[in-house]
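Here's the structure, in structure tokens; my notes come after.
None of the figures in this text is laboratory data; all of them are computed from the coordinates on show. Note that the structure is a prediction, hence the values are computed from the model and not measured. No Cβ is skipped: glycine too gets one built from the backbone with ideal geometry, and neighbour counts run over all protein chains shown.
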Amino acid sequence: MPTSNISFSSKLPRVGTTIFTVMSNLAKQHEAINLSQGFPEFDAPEKLTKLLSKHAKAGYHQYLPMVGLESLRKRVCESLSTRHQAHYDVASEITITAGATQAIFTAIMALVKEQEEVILFTPAYDCYTPAIELSGGSPVHVQLKTPDYKIDWDEVRKVVNRRTRMILINTPHNPTGSCLDAKDLEELEKIVDGTDIIVLSDEVYEHMVFDQRKHASCAARKTLSEHSLIVGSFGKTYHVTGWKVGYIAGPSELMAEFRKVHQYNVFCVNGPAQFALADYIEQHPEHPEELAKFYQAKRDLFLDALGDSNFTFTPSEGTYFQLLNYKNISAKIDAEVAVEWTSSPGVASIPVSVFYHQPVHDHVLRFCFAKHDATLIAAAKKLSAL
């Protein structure tokens, strides 16, 4: 194996292998039930995979337009209009991306300059801070607190200054499952109104909101939408996370800058997948509206099966993640417990402390319930024995 004597300093010195890879590898090693990494255990809709095969056989193997297939962008516009009464231009305000993570990375690289600041809320999904640092910007962390993980907007106001370029929000929120509401959007709108602050809104779990809540999108408020780039995920919505197809929506002025980087980052996205998704969305408009009921049933099944356990919890408001507090079971830090419990009783999870910018040990683990019912019941049985 070749070795290198080249001297260099890492651009991401604190970044190693992601916790998702670590825990999934441990789950495989110990043959544990894997509720760690956030992807569905079940198959994609059969009609969707048939459409993928159809379009692959039709010969759509060359580059599509950089901004994405027009029919798929139209489906995005229709959804935003129907759900939020928000009207976006198909040509200039919607771009199809290679998944939501690429959209987030590209938006930050395009719009955040050196010494500018990005406010984000921890615990935060792990791709945010590295992208900010690679752009030369500075992350400014506002910590969410247990048990409800709600944003204190007065704290946000205290850290907004002339260097603030962006506020990055995520609703429904990974890893906590909390959701912003209309009041939160009103407070955010007050903060950015009359400023040059951009809001990057990660809304990939937009269709997974429970207990009769309504998803609060930045698209729904006129002034806020004028400041916002909104990120969505076809992978999350249609159970095809491995296809890596997402979208970003926003004002044409911001989108023009986004596309300058996008064209040199990935240029365009998987062609047959875009054709298949555009057709499926048109033929099955009911699919997104059924997700909330589908995933709430899985959340409730999992929590009901944990009813006699020693965990404490607040039911997830959205996403397909549930936090469990194990303070009545162990005093160890969550990273140690997650590794230990992957071996015995044999259930893999994600320690929530890894989502913070500095050590926070609230004795909380994240479990993914996008699994078959039998898998969730088996996992709950093992956990209830602790």
Can you compute the modelled spin-label distance between N25 and E78, with each label point 7 Å from Cα toward Cβ, in nm? 4.4
Using the Cβ atoms and a cut-off under 14 Å, what net charge is assigned to the surroundings of L277, where Lys and Arg are +1 and Asp and Glu are -1? +4
Quick one: what are the phi-derived ³J(HN,Hα) couplings along region 276-285, Karplus 6.51/-1.76/1.60 with θ = phi - 60°, whole Hz, x for glycine and proline? 4, 5, 4, 5, 5, 4, 5, 7, 10, x
Quick one: compute the contact order of the chain, relative version, from alpha carbon pairs under 8 angstrom and 6+ residues apart, as a percent. 25
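How big is region 280-322 by the Kirkwood estimate over distinct Cα pairs, in Å?
Details: mean 1/r = 0.0834 Å⁻¹.
Every distinct Cα pair counted, the radius reaches 12.0 Å.
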Spherically averaged projected area of region 1-57 from its Cα convex hull (nm²): 8.7
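How large is the charge dipole for the chain, taken about the Cα centre, if only the Cβ atoms of Lys, Arg (+1) and Asp, Glu (-1) carry charge, to the nearest 20 debye? Could you put the intermediate results ahead of the total?
Numbers: 38 positive and 45 negative charges, 141 e Å.
Dipole about the Cα centre, nearest 20: 680 debye.
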Can you work out ³J(HN,Hα) from phi for every residue in region 374-386, in order, using Karplus 6.51 cos²θ - 1.76 cosθ + 1.60 and θ = phi - 60°, giving whole Hz and x for Gly and Pro? 4, 5, 5, 5, 5, 5, 4, 4, 5, 5, 5, 7, 6
Whole-Å distance, taken between Cα centres, linking region 230-267 and region 144-170: 24
Whichever aspartates and glutamates have a C-alpha closer than 16 Å to that of K244, once near sequence neighbours (fewer than 8 apart) are set aside: D43, D202, E203
Chain lengthening between N265 and S344 when straightened (0.36 nm per residue, less Cα-Cα): 24.2 nm
Two-site FRET efficiency, D154 against K57, from Cβ-Cβ distance with R₀ of 51 Å, rounded to 0.05: 0.35
Mind listing the long-range amide H neighbours of Y356? Cut-off is under 5 Å, sequence gap 5 or more, other chains count too, H placed in the peptide plane at 1.01 Å from N. A124
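Using only DSSP helix segments of four residues or longer, with each worth -39500 (n - 2.57), what per-residue ellipticity at 222 nm results for the chain after dividing by its residue count and rounding to 500? Each step should come with its number before you reach the end.
On the way: 14 runs with 154 residues, N = 386.
For the chain, the value works out to -12000 deg cm²/dmol.
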Using a Gaussian network for the chain with springs between C-alpha atoms less than 10 Å apart, which of these wobbles most: S344, S353, S233? S344
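Taking all pairs of distinct Cα atoms, average 1/r, flip it, and tell me the Kirkwood hydrodynamic radius of region 58-283 in Å to one decimal place.
Values: mean 1/r = 0.0567 Å⁻¹.
The answer is 17.7 Å.
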Which of T17, T97, T195 ends up with the largest GNM mean-square fluctuation for the chain, with Cα atoms connected below 10 Å? T17
Which values of log₁₀ I(q)/I(0), to two decimal places, follow from the Debye formula for the chain at q = 0.08, 0.11 Å⁻¹ with a uniform point scatterer at every Cα? -0.42, -0.81
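How much length is gained if the chain between K183 and H357 is pulled fully straight, taking 0.36 nm per residue apart and subtracting their Cα-Cα distance, in nm to one decimal?
Numbers: separation 174, 0.36 × 174 = 62.64 nm, distance 2.67 nm.
Additional length available on full extension: 60.0 nm.
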By average Cβ neighbour count within 10 Å, what is the ranking of 305-314, 207-216, 72-81 from highest down? 72-81, 207-216, 305-314
Cβ-based net charge around A385, under 15 Å, with every Lys or Arg adding one and every Asp or Glu removing one: 0
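Using the eigenvalues of the Cα gyration tensor, what equivalent ellipsoid semi-axes result for region 230-370 when each is taken as the square root of five times the eigenvalue, whole Å, largest first?
Values: eigenvalues 261, 87, 36 Å².
Ellipsoid semi-axes (Å, largest first): 36, 21, 13.
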